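Encoded as structure tokens, the structure appears first; notes follow it.
The values are calculated or read from the model by the stated rules, or taken from the named source; none is laboratory data. Predicted model, so just to flag it, every value in this text is computed and none were measured. Ideal geometry is used to build each Cβ from the backbone, glycine not excepted, and the neighbour counts take in all protein chains shown.
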Amino acid sequence: MKQIVDLAGEHRIPILSDEIYDQIVYGKKFVSTAALANDVPVVGLNGFSKAYLMTGWRLGYLYFHDEKGRLEELKQCVEKETRIRLCANTPVQKAGVTALNGPQGHIKTTVGKLAERRDYAWKRLNEIEGTSCTKPEGAFYVFPKIQGVGSRWKTDLEFALDLLKETGVLLVHGSGFDPTYGSGHVRAVILPPIETLGQAFDKLDRFMNQRK
């Protein structure tokens, strides 16, 4: 992040920082991009769907870190747009205030459960022949690499579709997120209970063994 900030500062480029998972981190403390940016302008984007489990309520917010006022025109345009077209409904806004001002212990409980599922998913994926996975440090996804993409399967999309048709297990092809860095990978969520994750990994294990 510091390298990105330095590069942006050198070329006078403002930074848009997606910080929706700021409270879902494992073993580390979240550091906002603005805390690293000094005089580099940052627009931070966040919301309630992850840490506060308000998915679908369509409530979010953003901040401007802009000590020298270089983004003032952008800020004014955003404010105009919110007055014209964008507005979360009143009950949801009230719920957001209550979420921020209310007890926060549920977040720690949720992150603890997710950490257990993260550890389990990471262990299982590295035990399955033909898959390998780096341990995530935040959010609630795993992004394993699939051996055989490029040979057994032409693309990671072909692998994901083959797995879905044969087992009913749905993974998202990594190249859909980035054609270079995501290629050969798939993404899975670790939100389900460990028992459910175990069933999916058992099916993935059998699937990979059948296609050696």
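Observations on the model:
- Applying the condition of being in contact with a Lys or Arg (Cβ under 8 Å, 6 or more places away or on another chain) and within 17 Å of residue 27 (Cα to Cα) to segment 120-137 and asking which residue is surrounded by the fewest Cβ atoms within 10 Å (Cβ to Cβ) yields 137.
- Selection within segment 1-23 - of a type in the set (Ser, Thr, Tyr) and more than 13 Å from residue 35 (Cα to Cα): 21
- Filtering segment 142-154 to residues that are in contact (Cβ under 8 Å) with a residue 24 or more places away in the chain and either surrounded by fewer than 17 Cβ atoms within 10 Å (Cβ to Cβ) or not assigned by TED's automatic domain parsing to the domain that holds residue 177 (or both) leaves 148, 150, 152.
- Residue 108, sole failed condition from (1) out of contact with any strand residue (DSSP E or B) (no Cβ under 9 Å at 6 or more places or on another chain); (2) over 17 Å from residue 24 (Cα atoms): (2)
- Strands (runs of 3 or more DSSP E) fully within segment 15-92 counting 3 or more residues that are crowded, with 17+ Cβ neighbours inside 10 Å and at negative phi: 42-47
- Looking only at segment 138-172, and only at residues there that are of a type outside the set (D, E, K, R) and assigned to a strand (DSSP E or B), the one that is farthest from residue 26 (Cα to Cα): 153
- Counting only residues that are under 24 Å from the mean Cα position of the chain (by Cα), of a type in the set (Gly, Ala, Ser) and either at pLDDT 95 or above or not assigned by TED's automatic domain parsing to the domain that holds residue 21 (or both), segment 81-109 holds 4 of them.
- For segment 110-137, the tally of residues that are of a type outside the set (D, E, K, R), within 15 Å of the chain's Cα centre (by Cα) and part of a helix (DSSP H, G or I) stands at 3.
- Which numbered condition residue 39 misses (of (1) farther than 26 Å from residue 116 by Cα; (2) at pLDDT 95 or above): (2)
- Some residue of segment 39-48 being under 25 Å from the mean Cα position of the chain (by Cα) and touching a residue at least 40 places away in the same chain (Cβ under 8 Å): yes
- Among the residues of segment 173-212, those that are of a type in the set (Asp, Glu) and assigned to a helix (DSSP H, G or I) comprise 195, 202, 205.
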